[in-house]
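Beneath this line is the structure, given in structure tokens, with notes to follow.
Since every read-out is calculated from the coordinates, none of them should be taken as a lab result. Since we're looking at a predicted model, the values are computed, not measured. Neighbour counts are summed over all protein chains in view; Cβ atoms, including those assigned to glycine, are modelled from backbone coordinates with ideal geometry.
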Amino acid sequence: MPFTAMRRAVSESVSGLPRAFWWLWTSTLVNRLGAFVATFMALYLTLERGYSASYAGLVAALHGLGGVVSSLGAGVMTDRLGRRPTLLIAQASTAVSVAVLGFMEHPVAIAGVAFAVGMASNASRPAVQAMMADIVRPEDRVRAFSLNYWAINLGFAISSAGAGFIASYSYRAGFLIEAAMTMACAIVVFAKLPESRPVRTALEKAAEPDVGLGTVVRDGRFMGVVGLSFLVALIFQQGSVGLPIAMGDAGFTPADYGVAIAVNGVLIVALQIPVTRFIEHRDAGRLLVISSVLAGYGFGLTAFAGSVGVFALTVCVWTLAEIVNAPTQTGLVVRLSPVHGRGRYQGMYTMSWSVAGLVAPLMSGFVIDRFGAEWLWAACAVIGTGAAAGYWALMRQLPEEAPAPSPAPSPGDVAAGAPDGAPAAVAAAVADVTPAVEVEVEVGVAEPVAPRTDSVAEPRP
């Protein structure tokens, strides 16, 4: 039966992951369900506060700049203080700063607090990704990153719809709701997530040099990945900066853009899990090459769009690239990172997306104003081709990932299924999974033991 096959597919997609992962996943979902500032900040400043569009753009840029500044610092904190303390600091700081932002009225105060919100909200990313790499077996990481990405998009889709209703009642209520839900994430981290930072023995410390930011910068192969990630991020950012401008210049309404871009969220929610099952154990280099080409030419095809339907079709093409690229790219970053330097490596990778978020609006505005939207879409195709060629050259020199050893797991390390309190869909999907799951961990990694108070099951880019 199709239903039975679908249930089996979902069950296989969510089974065998540690209990701590599901708490991290739940924290991510709750965080994105409360997203408000990123969605309605521009409208809040222009409609509610009466500021100009230029000022709203400045605030958005400062918010993004805060994310750039915090990426590397949060990576260092993740390695030095640990994943759990960094998450707690980042999420608690985000909750406080978002609540404060809702009460700011002076333009300088709004800009300053928006910068602080950008710093705090982006600081959790290196810790989340490093913790996920610590607690999930190497062969399951692409699936885990994919499920986390799915939660981000599901939560954002729901929050975007709800944010419109909240804004019609009170913008300040939206700030306070986001602050409360972000603080709830911090409480989940404090109560349910043990520290996962690998413990280095004295022998390992003597044999392996310490990892600093200089080590990351001197890692030519990894910095190549960071550079290619920046190029791909420049392309994907055009969905939220170049596409609405181009559609507006072509005479389409904001509602038309909303219809076209909604396809992106719908497809990610619908296809992320089945596509991940298809790509999970396939060659990462080939997947990154294909996704880069699809992203570049998906946006390139926008030059030929003359109706909302055709715009939506182009969105389908580059959304498929996004679905493939996101978990594969994150898995590659983990693969290239030394275990005791994952925070710094993830921080550098996160910064590539933050910088792209600053450059993309400037790039799209300049190209469209000077040359026209067609040249922007042509540039996307060229950048996508260049990124694909870069991945092809880089991955040819990458050695195969060594299989992880398999020590005997302790009883509390792995959940037989989704923890109590996980979303109903996940819990139902895991109902038929065999409880005994063998765990494999990397050498030198002290696998976290879930607290005895477990019940079950993690936060934009």
- Item | Segments 173-185, 300-312, 82-94 sorted - mean Cβ within 10 Å per residue, highest first | 82-94, 173-185, 300-312
- Semi-axes, largest first, in whole Å: what does sqrt of 5 times each Cα gyration tensor eigenvalue give for segment 75-130? 25, 10, 7
- Message: How large are Rg and Dmax for segment 216-305 when calculated on the C-alpha trace, in angstrom?
- Response: 16.1, 48
- Task: Rank by packing, highest mean first: peptides 67-76, 22-31, 222-231, with packing defined as the count of other Cβ atoms within 10 Å averaged across residues.
- Result: 22-31, 67-76, 222-231
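When you count, for each residue, the other Cβ atoms within 10 Å and take the mean per peptide, how do 270-282, 143-155, 44-56, 106-118 rank with the highest first?
Values: 270-282: 16.1, 143-155: 23.2, 44-56: 14.5, 106-118: 18.5.
Packing proxy ranking, top to bottom: 143-155, 106-118, 270-282, 44-56.
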- Note on the structure: Compactness summary of segment 235-373: radius of gyration and Dmax from Cα atoms, Å, are 16.5, 53
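On average, how much area does the Cα convex hull of segment 336-380 cover when viewed from any direction, in nm²?
Details: hull surface 15.0 nm².
That works out to 3.7 nm², a quarter of the Cα hull's surface.
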- Note on the structure: In Å, the Kirkwood estimate of hydrodynamic radius for segment 36-162 over Cα pairs equals 15.8 Å
- Message: Going by Cα centres, segment 10-72 and segment 315-329 are how many Å apart?
- Response: 19 Å
- Compactness relative to 2.2 N^0.38 Å, alpha carbon Rg of segment 14-58: 1.88
- Would you calculate the volume per residue, in Å³, of the smallest convex hull containing every Cα atom of segment 304-390? 111 Å³
- Item | At q = 0.10, 0.11, 0.18, 0.19 Å⁻¹, base-10 log of I(q)/I(0) for segment 137-287 (Debye sum, equal scatterers on each alpha carbon) | -0.64, -0.77, -1.39, -1.39
